[in-house]
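Here is the structure we will look at.
Since every read-out is calculated from the coordinates, none of them should be taken as a lab result. What you see is a predicted model, and the numbers here were worked out from it, not measured in a lab. Don't worry about glycine lacking a Cβ; one is built from the backbone with ideal geometry, like all the others, and counts go over all protein chains shown.
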Amino acid sequence: MDPVVGFEFMRASVQGVFDWWDQVNESPLWQERIFFGLAIAYGTIALAALIQLVRIEIRVPEFGWTTQKVFHLLNFAVNGVRAFVFLYRDEVQYLSPEIWQSVLLDLPGLLFFTTYTLLVLFWAEIYHQARSMPTDRLRPAFFVINALIYIAQAFLWVYLWWSPSAVVETISKLFFACVSLAAAVGFLLYGGRLFLMLRRFPIESKGRRSKLREVGAVTAICFICFTIRSIIMSFSVFDKKADLDVLNHPLLNAICYTLTEIIPSALVLYILRKLPPKKTTTAYHPIR
């Protein structure tokens, strides 16, 4: 094939993709279809998390609110709110005052952070116990860090409502990017440490292989999804075409939320689907 002809064909193909992208983004019908599809996906995951929570409660009601139960409850909350937002995306876009729009679009992201850093806390406690290290500061640190993040975000919401500012909006997006990056580092730090520690256990250790695969898979999934989220949020600061909080970017919403929330949540829920034993004589460790 003539190189010139090949180049022209490639250029025309790329231009065709860009034209299709713009047509879909500007089409109210496609916007409605894509947002409705996202609502169905999130609703399905929320229902799966709720069913798993009920199954665990039926299996071990005597243990109260374990880490495993709280994890599934938060998953239900995150995905339920996302499903509601995407189901009524047009109405959310025009809420007044605008602070409610920001809260409904941003709050699920914070809840997602809390939900999955709960796994980091759980793994950190296991690692510290195995190393005979103190664990009494881990849980308070988890609550303090989360409280500070929610307080900081609430301050940014109120400031934007009181005095809209492009600078503060930029800070808010960078704040989300930093929070996501911190979560990715947390998974790499404690998930990686726990994975390496389990690898050093004897081959014949009970449950070693399944636990090793579980920790490795969840660590990889969560590290990748939070890293992607951080990159996208950082990129949106410098390019308005990467903004997720507008109606005319449905394809970008579909790609971003599928990669950073829908697929990771579905995979992690599947990996952690195992129910705890009905009776145990030792301390109950959730999320096995």
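Can you give the FRET efficiency for T67 and R200, using 1/(1 + (r/R0)^6), R0 = 25 Å, r = Cβ-Cβ distance, to the nearest 0.05? If you can, show how the numbers build up before the last one.
Values: r = 24 Å, r/R0 = 0.98.
Calculated value: 0.55.
Could you work out how far helix 67-87 tilts from the main Cα principal axis of the chain, as a 0 to 90 degree angle to the nearest 10? The answer is roughly 10 degrees.
Applying a DSSP loop filter and a limit of 15 other Cβ atoms within 10 Å to the chymotrypsin sites (Phe, Trp or Tyr not before Pro) in region 35-140 leaves W65, Y88, Y94. For region 191-200, the Karplus equation 6.51 cos²θ - 1.76 cosθ + 1.60, evaluated at θ = phi - 60°, returns couplings of x, x, 4, 5, 4, 5, 5, 5, 5, 7 Hz by residue, with Gly and Pro reported as x.
Across region 169-184, rounded Karplus estimates of 3J(HN,Hα) from the backbone phi angles (6.51 cos²θ - 1.76 cosθ + 1.60, θ = phi - 60°) give 4, 5, 4, 4, 5, 5, 4, 4, 4, 5, 4, 5, 5, 4, 5, 4 Hz, Gly and Pro being marked x.
With contributions of -39500 (n - 2.57) from each DSSP H run of at least four residues, the per-residue ellipticity at 222 nm computed over the chain stands at -26000 deg cm²/dmol.
Kindly state, to the nearest 0.05, the FRET efficiency for V185 paired with Q23, given R0 = 45 Å and r defined as their beta-carbon distance. After rounding, the FRET efficiency stands at 0.70.
For the pair Y88 and K240, label points projected 7 Å from Cα toward Cβ lie 2.9 nm apart.
Note that region 249-255 has calculated 3J(HN,Hα) couplings of 10, x, 5, 5, 4, 4, 5 Hz, one per residue in order, obtained from phi through the Karplus relation 6.51 cos²θ - 1.76 cosθ + 1.60 (θ = phi - 60°); glycine and proline are x.
Can you check what the net charge comes to around H249, using other residues whose Cβ is under 13 Å from the Cβ of H249 (Lys, Arg +1; Asp, Glu -1)? Working shown, then result.
On the way: positive: R89, K240, K241; negative: D22, E26, D239, D243, D245.
Surrounding charge for H249 is -2.
Quick check of the Kirkwood formula: for the chain, what is the inverse mean of 1/r over all pairs of different Cα atoms, in Å? Could the numbers behind the result be given before it?
Numbers: mean 1/r = 0.0476 Å⁻¹.
Hydrodynamic radius (Kirkwood, Cα only) of the chain equals 21.0 Å.
Give the relative contact order (percent, whole number) for the chain; include only Cα pairs under 8 Å separated by 6+ residues. Intermediate values should be presented prior to the final figure.
On the way: 253 pairs, mean separation 67.6, N = 288.
Once divided by the residue count of the chain, the mean separation gives 23 percent.
Counting other C-beta atoms within 10 Å, which of M133, M233 has the fewest, and how do the rest follow? Don't skip to the end; give the middle numbers.
On the way: M133 11, M233 24.
The most exposed by this proxy come first: M133, M233.
Please compute the net charge surrounding N75, taking Lys and Arg as +1 and Asp and Glu as -1 over other residues with Cβ under 15 Å from its Cβ. Intermediate values should be presented prior to the final figure.
On the way: positive: R55, K69, R82, R273; negative: E57, E261.
Around N75, the surrounding residues sum to +2.
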